[in-house]
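Asks: Here it is: the structure, laid out below.
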């Protein structure tokens, strides 16, 4: 906790970075080159303190009082109303008269000090904003005198019990703090505003460089200026735990839900990565539709195509959006990020979150933003976006286009930090058509299947299934020769099971022996049992790393077995399990998944697939 | 012609400025100007109207013209120049 008493500024995001506001009864310095937004920030603070009932005095030096009032009114800060209400006063200290001003010999600053003092006496002023010190000391006095005058002024403010905000010009974004070079020494808080050209884009940022007696967030934070003033996007926005901890919702794909233990966590940020054509937009559409169909409010930002084309494409694959949009559950907003600055885009997003109040946000794709900005600009955007979503406690699905080989690897550290879940889509070029796959790279706080599932584009969206195929059609596509009607298993990645303890529950002796042999050859320590009762006894005696269980068993079925394992206290309840069964229909798979199995393999199983599936399951967190 | 000097009554610099100004004005016809000395601790309305920040500040007004001199007025030549800019001519 900070010992410094603070006054909130009301500037969006600013009070998060400065841990609650500006220091009460002390001086704060806002520094920046021309055009960085110092005056706007000062006006916003003045309006907020006045609205909070603190008598506020604005000293206009750089511009006339009338010009500042007009600027503030144009930002909807209603200076005119605040002045009429007696809560705000603007005093003019700009160059007094059109004519020459000559400085010669010694002087002090008591003229201004007495004017401020009169305001304190007559109007009870509590907050003073000086715009700016640079203009006040122009022409610039000799350095020693300048230091003395500025110190006199700050000490006078403090003596009068005023909370002051002093604006000062910087010569450069990174270098000597102010052109005068004296202000920061006597101010308790120093804030630097920057507006730098980064690549071909402008990038605004705000940094609290010093805060005497108080903690604050360090480093530069992206900010932007709009018709409503300055908005800052804190990286480390306070997360609101909210009432949704642990609550899950459907991703829109039952197959994907099955991979991630039942669904996505409420308020989580999901990044879907994959090459062009891997199904990212469809997955985004499924996610959006599922939310809207549940009656939630969803905002879908399409950054890659105009709205009519997006709507047409979605309708063409059986995911019409227009009815959901008419019902008010779905808002589709298509924009080209290239046409607007990233900060402006963040403000648009913030306004969308505040006005539409969606529970889910979709962005397809963030790569359009990535390509229209510098790496640093994109990083700041993503961090700002994440903080916006966290601040509003919203769930989001963001798609990102990457090369196929990069989908499952090479996630920029900041993106990895932002995402609660990362899904990698990919495809392999088969002889007839694409063989698409979906892999869960990360699912914070949840178990998940770590090997890829098959993904097919079908009417009504995407179909996500375990790597099991049945029937000749799929076999042909997979390029494997087999008899029609027979079940084969798609090959998975090779894996070693060295040292992994596997509990096998299988009532048929031959099958039990074959599977035991396969697993032992891969290095696993296998405990084969024939019944549910034996299986449960073994689970309690020595929890395995992975369970392989048949569904049809003599005493009870494999589903009941897994339910009982899942109901046990402690870590044993989380042991991953694979159903190994002759039943391979979609409803069988769904039943197994609902019962608590992570994967479903159909007999006869390909040994390499069995080994790789078990290896993937055992290696997960 | 109006010659207004804003002073801080507690400042030696302001007292010196007043003396320097009065000495400089000895060279001019007293009928040609009106000297007003304002105390920034009391004459707040006037110092607001004239946007006074520093003391001492001398304002020389003549018709639509005005010029401002900030400082202790120790440099007689500068003061004379300012008074001349304000339209006053030395009688000496």
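What follows draws every value from the coordinates through simple rules; no lab data is involved. This one's a predicted model, so the numbers in the text were calculated from it and none came from an experiment. Note: ideal-geometry Cβ built from the backbone for every residue, glycine included; neighbour counts use all protein chains shown.
Asks: Alpha carbon centre of the range B:42-71 versus the range A:212-234: separation in Å?
Replies: Computed from Cα coordinates, the inter-centre distance equals 39 Å.
Asks: Answer rounded, prolate or oblate for the range A:6-232, using the Cα gyration tensor with square roots of eigenvalues a ≥ b ≥ c: rounded when a/c is under 1.5, else prolate when a/b is larger than b/c, else oblate. Before the final figure, lay out each step's value.
Replies: Details: a/c = 1.37, a/b = 1.15, b/c = 1.20.
It comes out rounded by the Cα gyration axes.
Asks: So, one more: On a full-extension model of 0.36 nm per residue, what is the gain between residue A:226 and residue A:542, subtracting their alpha-carbon distance, rounded to one decimal in nm? All intermediate terms of the calculation are to be shown ahead of the outcome.
Replies: On the way: separation 316, 0.36 × 316 = 113.76 nm, distance 6.27 nm.
Length gained, residue A:226 through residue A:542: 107.5 nm.
Asks: Would you please state which residues of the range B:40-58 a label at residue A:122 would reach in this model, taking the label point 7 Å out along Cα→Cβ and a backbone N cut-off of under 13 Å?
Replies: It comes to B:41-51, nothing else.
Asks: Label-point separation (nm) for residue A:458 and residue A:172, each offset 7 Å from Cα along Cα-to-Cβ?
Replies: Modelled inter-label distance: 6.3 nm.
Asks: If you don't mind, another one. Using the alpha carbons of chain A, what is the convex hull volume per residue in cubic angstrom, as a whole number? Working shown, then result.
Replies: Working: hull volume 113.5 nm³, N = 621.
Roughly 183 Å³ of hull volume per residue.
Asks: I want the antiparallel fraction of DSSP beta bridges within the protein assembly as shown, as a percent rounded to 5.
Replies: Numbers: 53 of 127 bridges.
Just about 40 percent of them are antiparallel.
Asks: Sort A:150, A:233 so the one with the fewest other Cβ atoms within 10 Å of its own Cβ comes first. Can you show the working numbers first?
Replies: Details: A:150 24, A:233 30.
Arranged by neighbour count, lowest to highest, A:150, A:233 become A:150, A:233.
Asks: Please compute the length gained on full extension between residue A:590 and residue A:326, using 0.36 nm multiplied by the number of residues separating them and subtracting their Cα-Cα distance.
Replies: Values: separation 264, 0.36 × 264 = 95.04 nm, distance 3.29 nm.
Full-extension gain reported as 91.7 nm.
Asks: Can you put A:501, A:541, A:203 in order of Cβ neighbours within 10 angstrom, beginning with the fewest?
Replies: Working: A:501 18, A:541 8, A:203 23.
Sorted ascending by nearby Cβ count, the order is A:541, A:501, A:203.
Asks: Return the FRET efficiency for the residue pair residue A:84, residue B:31: r is the Cβ-Cβ distance, R0 is 51 Å, and the value is rounded to the nearest 0.05.
Replies: Values: r = 46 Å, r/R0 = 0.90.
Given R0 = 51 Å and the Cβ-Cβ separation, E is 0.65.
Asks: Counting partner chain Cβ atoms within 10 Å of every residue's Cβ in B:66-76, what's the average?
Replies: Working: counts 5, 5, 8, 7, 10, 7, 4, 4, 3, 3, 0.
Per residue, the average neighbour count from other chains is 5.
Asks: Which order do peptides A:328-339, A:390-401 fall in by mean Cβ count within 10 Å, highest first?
Replies: On the way: A:328-339: 16.1, A:390-401: 22.7.
Answer by packing, highest mean first, reads A:390-401, A:328-339.
Asks: Calculate how steeply helix A:38-51 sits against the longest principal axis of the alpha-carbon atoms of chain A, using the helix alpha-carbon long axis, and give the answer as 0 to 90 degrees to the nearest 10.
Replies: On a 0 to 90 degree scale, this one is about 90.
Asks: Could I ask something else about it? For each of A:322, A:188, A:510, count neighbouring Cβ atoms within 10 Å of the residue's Cβ, then give the residues from fewest to most. Let's see the in-between values first.
Replies: On the way: A:322 12, A:188 20, A:510 8.
If I rank by nearby Cβ atoms, fewest first, I get A:510, A:322, A:188.
Asks: If you don't mind, there's one more thing I want to ask. Hey, any idea what the orientation-averaged projected area of the convex hull of chain B's Cα atoms comes to, in nm²? Show your work: numbers first, answer last.
Replies: Numbers: hull surface 21.6 nm².
Answer in nm², one decimal: 5.4.
Asks: Using 7 Å Cα-to-Cβ label points, what is the residue A:73/residue A:517 separation (nm, one decimal)?
Replies: With each label placed 7 Å out from Cα toward Cβ, I get 9.2 nm.
Asks: Right, another one. Taking the 0 to 90 degree range and rounding to the nearest ten, how far is the long axis of helix A:143-159 tilted relative to the main principal axis of chain A, both from C-alpha atoms?
Replies: Between helix and principal axis, roughly 80 degrees.
Asks: Please give the helix B:76-85 orientation as an angle from the longest Cα principal axis of chain B, in degrees from 0 to 90, rounded to the nearest 10.
Replies: The angle comes out near 80 degrees.
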